[in-house]
Every structure is written in structure tokens, then in C-alpha cells.
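The values are calculated or read from the model by the stated rules, or taken from the named source; none is laboratory data. A quick note: this is a predicted structure, and the numbers were derived from the prediction, not measured. Cβ: placed from backbone, ideal geometry, glycine included. Neighbour counts: every protein chain shown.
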Number of protein chains: 2
Amino acid sequence: MRIVVTGASGRVGSTVAAQLVERGHAVIGLDRVAPTEPIPGVEHIVTDLTELAPRDPRLADAEAVAHLGAFMSWNDADAEAVYEANVTGTFALVRALTGSAVRRFVLASTGEVYPENAPQYQPLDEQHPRLPRTWYGLSKVLAEETVAFAGRTLDWSTVVLRFSHTQHPAELLDPTSFFSGPRFFAKARFAKEDAAGNAFVADQLRGFADDEADTVIVATRADGTPTTMGIMAAPDLARGVVLALEGDTSGHEVVGLGPDSSTDLGSFAARLADAAGLPTTTLILPDTAPSYTTSNAQARELLGFRPEYDEAHMIEAAVAARRERAEAARA
Amino acid sequence: MRIVVTGASGRVGSTVAAQLVERGHAVIGLDRVAPTEPIPGVEHIVTDLTELAPRDPRLADAEAVAHLGAFMSWNDADAEAVYEANVTGTFALVRALTGSAVRRFVLASTGEVYPENAPQYQPLDEQHPRLPRTWYGLSKVLAEETVAFAGRTLDWSTVVLRFSHTQHPAELLDPTSFFSGPRFFAKARFAKEDAAGNAFVADQLRGFADDEADTVIVATRADGTPTTMGIMAAPDLARGVVLALEGDTSGHEVVGLGPDSSTDLGSFAARLADAAGLPTTTLILPDTAPSYTTSNAQARELLGFRPEYDEAHMIEAAVAARRERAEAARA
């Protein structure tokens, strides 16, 4: 198929694009910025989605779409940018594809539409009402409705994939990683929480402001309960997107894309540190720190989704990638 | 209260603004264009909603909002304008009011979110799934979600009012009225359907292209069944908006605002013509012409809504207004 991938130079998008090329598809990447390294077999159009005109002739022969491009921010001052990129961007993309050969459209959404940190029941699934509390979560609700509308009126099969929390195994033990660094390392977490003014957490980590030992955080809530969530490995997430693109669902489907089981972040971090030979420090989180479980039953049934990464496999991949980085640095 | 009314110079908005002033409220009208006749007691800000900046100091002391301003079009080429005005406009309005004294927000939505012309069950009520098939209907779904989100995160009480089909009694027998003209008069209907390329209807009315007798259309569907819908009198609709503004509902409520009973448009038109002494012509509509009934039970229970206009009252007001226009023309 000829497949448009928005956000193709991003963390998930580049993996999706590479997997699609490997499976024989022609990929058109739509990105605000050109990828730093070209992905072989991917044709790139550099554009802001909001600048696309209706019935874009460059997209006329596209047959399917993976709309992964989005702006993520939880800073109130970024609400306009989040709205523009994720809501107006989705609207403009639908208008640009009107009249095209597209028959299948996959949207990357998020568990933040529920939201996951205030679940009415657990494990969270696709039937949970959508009551987002962040502009990012709202922007995805609006994008979901826009895509469902496009499906009804343009006769597309549409799939909304609600991504769970995602980590790239190769980044898990990289203290400089945008996602994994503040999640697992004391120094990066201190910088993030201190900047956000979260004194309760920052104060516990102040001693690690200049940490050079890559100390790993082992977090629990003040009441001793673990903070649990589904952690998805990026390559598994990409496989889920490919399954949705190649699947034969019809109408509008909503699918939560998450791992087979949820992870206790504290014990997972301890295992990571142990496997990599790194020191740890305990962090006490407020009792309000998010902790939830998610179901991937719908993804397994509807898409035949089978994640390849469990916790042990992720830790193994993380240690191997850290070793490679160390060897590269020495060379 | 100090109440912001968007679209205050519009058909419903001007009536709402006048009723609010009469009830002792201070009204700030927000409009793209200044009203042709100033409404006494209404302070006007002329602005496109999309141009409002976050935390607008001019709105800081507003306590309640009736967001009635919207762009209505069913022309595909207007999708961008509909989206901008109704979706981005609602987003920008919420951002402008962030940090203000607002505690109550009423949004004008539409039965087109269901949509009414493809009901899954009847009478239509607020529990019906939202599956719009027009950009206008979608724009209101997105506005509804944005307002509900604002309620959750800014601690506003929010009310979504889904307006039924609305007519102004004074305009019912005015062949030049934007809404009533093509609905009830052969000449105006011909012009509209001919321009839209609906030959099935236009061909039946071609003889009325230059009609000077104000011939009224009495329409039924080809299979002989009536076309039925709830017709709301604009002053009743305005009273519903005022009730929602002054009410004490909390959280997020969705209320269909419609008349006590639905109207058979064909027999209603025949009664209108009879009361005004006008000739009639029969029009056969496709079997797919919209016909539906709506419930206003929620509006009656939650808001204490009691429409004052029934069909007889609307006809009486329509005839009186037509007589006044004729007298004014003679004078």
C-alpha cells in the first residue's frame, strides 16, 4: 500500500515507517522537520499539517494513513500550540486527504483521554468515559471525533489507537533520554521536578543535582503502595500501528494499545539498576501519584496484537544498548 | 450577573441579550460585526472569537457566558470557516475566560450532532449517540467537548443546549426571511433548491420562479408520510438560554431545547397560508426528507422550561407581524 505516516521522523513514527518499508509498503512521511537520518524507502514532505490545503494533490494516491504526528506538552502556556498541532492539524489532514484514494486511517491517541491518572475503574479499557483533564488529552478526544466523522462521511475504515505509556528499551538506561531520563534517573528527575516547582519530590533528590553515578530512582507512594502502569516498548507499539494499518476492521474501532501486564515502576527500576550495576535511591511520591492498570484484550482480539517485550526482555535490551553506548564512547 | 453573550447581534443572541437586560443583568456582547441597532444596556466588543488572547482583561469580571456565536453553513467549501468559527472560536473563548470570574458557561449546540435526520430512535433525546454527518454538526460536538473540559478543569458549571430547528414567529410569513423564506414560500424555495442543484424539488417549483402571490408550499414525502420536526420559536429558545444562565445546575449538563410537541410541516404551512389568506402549492419531497420527533423532558425537568409558543400562537404572531409589515409598507 501507499501509506502516509505523519510524524515519521519521530520516536514511534520512524520505527513504524521502517517496519512498513520492510513489509513492502511505499511510505510518504509528513513532518514539520526533516528527519536527521533519512529512512531508506521513505519519501518525505516537510510541512506543518495545519498548512495543508484541502485535496492536496501530493497525497491523492495515498491508500492508508498512520497519523502519529502530535505535539505533547503539559505546560498551560502551550495550550494554543497543542490545540493547533493536534486538533487543527488533524482537521487539515482530513481535508487534505478528501478525494484521495485513502480507505483506511489510523490515529494515534492516548490513555490520557480517560485520563489514566483518575480511573473510574480498572483495568482501564476502551469503554471508559473520556474525561480528560489536560489540553493534550482533550486535543486527542477532539482528534478522535474528527477521525470518526471522516470515516462516516468519506467512507474510510478508521482505527483509534490509544497508546499507553511508552518507553524505548534502548533508552531505558540512558540518563539523557527525554522520556526515560527523568523517569528513572535521580539527576534528570531532580532537574525536571525542580523546574516544575514540585518541591515535595525535588527536595528528596536535591543531593543528586550533580550526580555522576547515574543513580536510579526506586519510587513508591508515601502509603507504601506501588506506582503501577502499563509500559509499552516502542517497537511493540509500532507493530500495533502496522497491524491496524494492515488489518481488515471496518467502520470505526477504538483500541487501547498496551502491554500484556502492568509494571510496578519501583521494582522495575530496581531490576534495571541491578542488571546495569547502578546505585539506587528511594523516592517517596505523593499518594496521588498515578497508579493504574490497563487492558489490551481488544488489541489482542481485534488486531491479533502480541507484544514481544515483557519486563525481562526490556531490561535485557536496555542493558545491551547501554553497553553499546559505553563501547562507542570508549572507541 | 455580568454576562458575556457571543453572537449577541444575531437572531437568537439579540433576543437573549434583550431578555437579560430586562432581568437586570449587565451584558457584554461579543460579535464579529457590531449590531445594526444597538441593544440598550448592552456593551459591545467587536472581535472575531479566534482573535481573543488568553486571559482577556476585558472579560476578567464576567460571571457567566452564553456562547451563541457560530457560523452555519452546509457548503463543503465552508468547512474551514465552520471549523475556525465554531471549534477554534470556542477554544479561544475558553482561553480568554481562563482566570476570569466566570462560574457558569452555556453553549448553544444543535440537534445536528445526532444527527436529527438519521435518528437511531425517536423521540430524540440527550442520550442519543453523537454521530454527526456535517462539518457543522461535528464542529458542535468538538465545542461541546471543549466546554465540558473547561468545566472540569476551571470549575465552571456548564450547560450544553442542543437547539432544535428554530423559527422566528415574526419571520414565518416573510418570504424574504433567510430561514422562513425557503422553508415556506415557493419562490424562495425554488431559488434555494435550484442553486443547490436539487432538480427533484426545483423542477416542481419552477413555475414559481417569479411568483408574486407569496404562494406557500405544502410539502409531504412521496410516500405520503408527513415531514415532522420540532419547531422552536426564537423567543422561547432565548428564554431557555436565560433559564440555563440563571439556573443552579452543577457539573456538566446536556439539554435538548425544543418545543412541547413536534410539527407536521405540511399541515402547519397549510394553516399558515389559510390564516394569512395566501395561495398554496403541493410539493413532493423525497422519501429521505428529514422527519423526526424530539423530547424536551430534560429541559422541562432540569431548567423548568415551558415554551410559550404552540403552533396556534406562532401562526397568530406570524399573521400579526405580516399585517404590520404590510401597514408599514403602505404608510
*Here are B:Gly99, B:Gly29, B:Gly41: which of them is surrounded by fewer than 17 Cβ atoms within 10 Å (Cβ to Cβ) and more than 14 Å from chain A (Cβ to nearest Cβ)?*
B:Gly41
_With the requirement that a residue be within 14 Å of chain A (Cβ to nearest Cβ) and part of a helix (DSSP H, G or I), what does the range B:102-125 give you?_
B:Glu112, B:Val113
*In the range A:147-192, which residue that is under 20 Å from A:Leu257 (Cα atoms) and among the hydroxyl-bearing types (Ser, Thr, Tyr) is nearest to the other protein chains (Cβ to nearest Cβ)?*
A:Thr158
*Do we find a residue being of a type in the set (Asp, Glu) and within 21 Å of A:Ser9 (Cβ to Cβ) anywhere in the range A:52-71?*
yes
*Go over the candidates A:Ala289, A:Ala273, A:Ala244 one by one and state the one that is assigned to a helix (DSSP H, G or I), surrounded by 16 or more Cβ atoms within 10 Å (Cβ to Cβ) and out of contact with any Pro (no Cβ under 9 Å at 6 or more places or on another chain).*
A:Ala244
*Is it the case that the range A:130-147 has a residue that's of a type in the set (S, T, N, Q) and under 30 Å from A:Val319 (Cβ atoms)?*
no
*Going by the conditions given, is B:Leu285 modelled with pLDDT under 95 and among the hydrophobic types (A, V, I, L, M, F, W, C)?*
yes
_Tell me whether the range B:297-306 contains one or more residues that are surrounded by 14 or more Cβ atoms within 10 Å (Cβ to Cβ), outside the structural domain of B:Arg130 (by TED's automatic domain parsing) and assigned to a strand (DSSP E or B)._
no
_Considering only residues that are in a loop (DSSP other than H, G, I, E, B) and closer than 13 Å to B:Val4 by Cα, which ones fall in the range B:32-46?_
B:Gly41
*Checking A:Gly151 against (1) touching a residue at least 60 places away in the same chain (Cβ under 8 Å); (2) within 20 Å of the chain's Cα centre (by Cα), which single condition isn't satisfied?*
(2)
